[in-house]
């Protein structure tokens, strides 16, 4: 009986440690290109080969995750903290790396796309606050950006 209790206690403590320190890992194999529906609107993500080198211009917003006591999760299952640098797009395959350029001030950065959104009409891209700060539009909330897909996938699944 003591062995079972001790093992249960050890397992519980290990799980608690992983949750508190954020050491849980997310394994992403391949790409997320599965169609989905949000608020009655059907989205068909791009195929990987079509996305490599893709570029577009549109409205970019940023989401403020500073009030999060516990991390949210992206579409790829990764944790989102107030310091996370990430972006969301409705139809590009996940994950992918993109270059984002703020057309109002010329600032540019590279960011990993790992979430879906923004689901507000007229918006093309949503970035976290650290990315918006780097691009210089935190106070404005919205800006016009140009995006360019640099690579699709992670690790051995990466295509350039």
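What the table shows:
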quantity	calculated
Rounded, prolate or oblate (a/c below 1.5 giving rounded, otherwise prolate when a/b exceeds b/c) for the stretch 36-157 by Cα gyration tensor	rounded
Relative contact order, percent, the stretch 36-157 [alpha-carbon distance under 8 Å, six or more residues apart]	36
Sorted by Cβ density within 10 Å, fewest first, the residues 103, 135	103, 135
Taking the stretch 68-131 and dividing mean pair separation by its residue count, relative contact order in percent (alpha carbons under 8 Å, at least six apart)	39
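Coordinate-derived values only; no laboratory data. Predicted, not measured: the structure shown is a model, and the values here were computed from it. For neighbour counting, all protein chains shown are included, and Cβ atoms are generated from backbone atoms with ideal geometry for every residue, glycine included.
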